[in-house]
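*Asks:* Pasting a structure below so you can have a look.
The values are calculated or read from the model by the stated rules, or taken from the named source; none is laboratory data. What you are looking at is a predicted structure, and each value in this text was computed from that prediction instead of being measured. Methodologically, a virtual Cβ is constructed for each residue, glycine included, from the backbone with ideal geometry; neighbour enumeration extends over all protein chains shown. To get the accessible areas, we keep the full protein, side chains included, count just its heavy atoms, and leave off ligands, DNA and RNA. Shrake-Rupley method; radii C 1.70, N 1.55, O 1.52, S 1.80 Å.
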Amino acid sequence: MEAEFQVRTAQLGDVFVLSVTGEADLHTAPEIERELKGILGLGGRVAVVDLVDVGFVDSTTLGLLLRFQPRFRRRGGDVVIVTADRRVLRTLEITGLDRIFRTEQRLADAVGALAASASIPAHEPA
């Protein structure tokens, strides 16, 4: 049985994580788009799109991510895709999107690398 579609966004410092569950396709792309617009509306520069629990990504969703990437890059950020699913990774390879998007296989790796590269001000002791 296919997982029910869900999309959630969480903010971890300067990094926004958009987690998708179920299929990312023509029918669910509008919800993903709404979340990406919301991240931009909050001033987000980096969107980590967590597709770990997605077994199918169609061209509508890939096109959507491709359209949003320049918006994040203009802010000095990026869209990073997280997936370990060979079918999704293969789709990215076939379409050449693996050369356009940074991909990680684990969410912790993506967030950790982005947090380390972000200019996070040090807190002074009180």
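*Asks:* Kindly report the accessible area of the chain per residue (heavy atoms of protein chains, probe 1.4 Å, no ligands, DNA or RNA), in Å².
*Replies:* So the chain comes to 57 Å² accessible per residue, rounded to a whole number.
*Asks:* Let me know the charge dipole size of the chain about its Cα centre in debye, to the nearest 20, where only the beta-carbon of Lys, Arg (+1) and Asp, Glu (-1) is charged.
*Replies:* Charge dipole of the chain: 580 debye, to the nearest 20.
*Asks:* Using the Karplus curve 6.51 cos²θ - 1.76 cosθ + 1.60 with θ = phi - 60°, work out ³J(HN,Hα) for each residue of region 45-56 in order, rounded to whole Hz, and write x for Gly and Pro.
*Replies:* 10, 10, 10, 9, 9, 7, 10, 4, 9, 10, x, 8
*Asks:* In 5 Å bins starting at 0, how do the alpha-carbon pair distances of the chain split up by percent?
*Replies:* 2, 11, 22, 25, 20, 11, 4, 2, 1, 1, 0
*Asks:* Now a separate question. For residue 102 and residue 90, compute 0.36 nm times the residue count separating them, minus their Cα-Cα distance, and round to one decimal in nm.
*Replies:* My answer for the length gained is 2.9 nm.
*Asks:* Okay, next question. Take residue 4 and residue 34, extend 7 Å from each Cα along the Cα→Cβ direction, and tell me the distance between the two endpoints in nm.
*Replies:* The answer from the label model is 1.6 nm.
*Asks:* In addition: At 1.4 Å probe size, with the rest of the protein present, what percent of the exposed accessible area of region 4-88 is carbon and sulfur atoms?
*Replies:* The C+S portion of the solvent-accessible surface of region 4-88 is 50 percent.
*Asks:* Related question: Using a Förster distance of 41 angstrom, determine the FRET efficiency expected from the C-beta separation of residue 113 and residue 27, and round it to 0.05.
*Replies:* 0.80
*Asks:* Note down the nm distance, to one decimal, between modelled labels 7 Å out along Cα→Cβ at residue 11 and at residue 58.
*Replies:* With each label placed 7 Å out from Cα toward Cβ, I get 3.3 nm.
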